[in-house]
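One structure is given below, encoded as structure tokens.
None of the figures in this text is laboratory data; all of them are computed from the coordinates on show. Because the structure is predicted, anything quoted here is derived from the model rather than measured. Quick reminder, even Gly has a Cβ in these numbers, built from the backbone with ideal geometry, and neighbours come from all protein chains shown.
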Amino acid sequence: MGSRQYAGGSRHRKGRTLISIQARKFWGLCMPIDDHPFDALNHQIKMEELSESPIGRGVLAIASKLPLPWPFDKAIDVLKEHIGADSRDRMGLMLETCMNEVRKHDNEIKCLREAASTAESREKVLKELILDAARRAEGTRAKDRVKRIGLILGNAVIEPKLPDGDEVEEMMRVAMELSDRDVRFLRDLIGVEGPLLERQEHIPRFDAHTSWERGPWGTRVDTEIDSVFSKLESYGLVARIPPPNNLNLYADFQNRYVLLKKGARFATLVREAG
């Protein structure tokens with residue numbers, strides 16, 4: 001038993017050595033050091049054995065074929081390993097959506113890159129978020145949801161403040177579950193209640209109740225509205241408004257909902273720049 005374990009360990013160390021050699025060749029020959037000022041993150045990724053993760057291998061293989069802007073270039077190394085074609089396509093779609101959004105904000109990225117005081121922390125958070133986004137993209141069937149995961153990652157990175165890893169992961173989790181229809185209803189609610197929430201931490205019950213009617217649904221009773229908003233409520237994006245105290249129990253009344261801060265924040269993170 002001991003000899004077999006020793007042999008296995010030797011093979012494992014040999015595999016790690018080959019990976020390290022391949023990575024050094026790639027970085028030494030294909031990517032001049034002048035093009036990549038954040039070598040610390042690349043070193044950290046290697047040290048933490050990212051290559052041993054199936055998700056990590058998939059991300060690296062896909063990203064190695066994309067023109068990656070900062071700070072994504074230093075979060076990606078090249079390692080080739082076979083994974084399922086469908087999973088690779090979904091991860092590729094997520095990364096491509098993310099990169100396309102980031103490229104629309106060159107000025108913001110330049111400022112963030114020059115902020116040496118937060119650059120290292122930003123790169124560390126980004127590395128973890130890329131892996132989490134890849135795991136979620138791999139487990140998501142619908143392409144529209146995969147794209148929203150990429151948008152959340154991209155928009156979180158370009159914000160001046162350091163990304164909150166827990167918040168971004170939570171938003172990506174929600175993105176896995178919401179359809180285009182769900183997001184459309186959320187945006188419709190933001191259209192009528194969003195301005196009210198910008199000025200305060202929460203919308204008073206009366207204001208939320210009266211503003212609801214200005215939405216595209218008006219005052220009609222529709223089971224689809226309840227279905228969608230109940231789902232949004234389960235993720236903490238909206239909350240049901242208690243009906244008026246004078247409501248007749250026999251009246252056919254449409255439930256109304258109020259926008260929460262988390263709902264407005266989610267919509268911001270999945271928004272595409274013009």
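Numbers for the structure displayed
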read-out	value
Entirely in segment 122-222, the helices (runs of 4 or more DSSP H) that have 1 or more residues that are of a type in the set (S, T, N, Q) and under 18 Å from Thr268 (Cα atoms)	143-158
Yes/no for Val228 being surrounded by fewer than 14 Cβ atoms within 10 Å (Cβ to Cβ) and more than 25 Å from Val102 (Cβ to Cβ)	no
Options Val192, Val174, Val146, Val183: the member that is surrounded by 14 or more Cβ atoms within 10 Å (Cβ to Cβ) and farther than 30 Å from Gly218 by Cβ	Val146
